[in-house]
Structures are given as C-alpha cells and as structure tokens.
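Remarks on the structure that follows.
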Amino acid sequence: MEYSGANIRVPLLDPVDAVISRLDIQATQNANPVGPATSGYDRHLREPVISRTAGGIRQVATQYMAQIRVPCQVKVLTDDELSMIGDGNAPMSRRVLVMHRGHLETLGLLRTSGDCVLKTGDRLDRMEKRRLGLAIETFIKPLFVFEVAARGWGMGPAGRDLVFVTLMHRNPVV
C-alpha cells in the first residue's frame, strides 16, 4: 500500500496478466475490403467494414496491434450470477477485469487526459499467470472489450485508481 498525502494507492491482490490485442483503427482503415468500399473502417459508425466475396462469404478487414500484457484481477460475480452458472442457466459470456491506473500508466495505456486507451473492440486473447507466461485460460470463442470505465472513487491521486473493463463474447464493433 502506498500513501501519498491524503490518498492511499491500494494495489491489486495477486494479479494475473490479461493478454489483449488492441484494435488497430489506422491499419483497419487502410485495408481495402472486397466490394465497393475503399476503406476497411467506417469512421461514422466507428466499426470495421463488413463485406462479402462473390461466393457470399462474409469478410471483415479488422486489424490488431501487437499483444500487450496488462496486470488485472477478475471481478468476482454476485451470488445470484454464480448460482445461475452452477445451475447451467447463465453462459460465461460476460466478464469484468479490474485494472490499476498505476499499471496502465507504466504500460503507456493512459492518454494525457487520464483516460484508458483500451476501447470497444479490443480482444482478450488469454489470461496468464503473472510474470511466468503460463496460460491460465485461453478462449476458443474470444472475449471483446465492451466497456471501459473508471471506478474506485476516492482511491489514489486521481481519485479513481481502478479501471473496470467489461468483456463480452460478441464483438460490439462487428
């Protein structure tokens, strides 16, 4: 625990690494998809262009940046959500990762405004044991960032040291 003036920075407890591929908007925009579109990214709709080949096969020009490893904790579900999973009533289609602003800052994942650069459409490839590189969980059906929000009011110099990243199986930008 780090104390600076009236603020306390509480570290993550036993973090794991989330291996994330960030959506590369510039490379996706530069891709030339099949069909009449000349760009692979629609700036108005803020999503990759979906096109079809002559055979009717659906193609998306999505390009990703190199993978990054971000320390995080997985948010524990509520009792109701856990019991639904145990009963087989709720598929694991939603997950929330808790990231610390200090780690994001060290990794260069904060804008000058203090906002996190992770965005809707970034993809979680796997979870690894911190600093060992051993996969804890890989995803046959990938998880995509659905929402990024600052949390932890009153904690740390910024007053919100935690960033919650909500993930879903369905890619919100495709």
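Before moving on, here are some points about what is shown:
- Extension gain, Met168 back to Asp125 (0.36 nm per residue minus Cα-Cα distance, nm): 14.2 nm
- Proxy reagent accessibility, fewest Cβ within 10 Å first, across Ser21, Ser113: Ser113, Ser21
- Protection-proxy order for peptides 60-71, 132-143, each taking the mean of Cβ atoms within 10 Å per residue, highest first: 60-71, 132-143
- Separation in nanometres of the label points that stand 7 Å from Cα toward Cβ, at Asp42 and Arg151: 3.2
- Virtual spin-label span in nm between Ile57 and Asn30, 7 Å along Cα→Cβ: 2.5
FYI, it's all coordinate maths here, none of it is from the lab. Only a predicted model underlies this, so the values are computations on that prediction, with no experimental measurement involved. Virtual Cβ from ideal backbone geometry, glycine too; neighbours counted across all protein chains shown.
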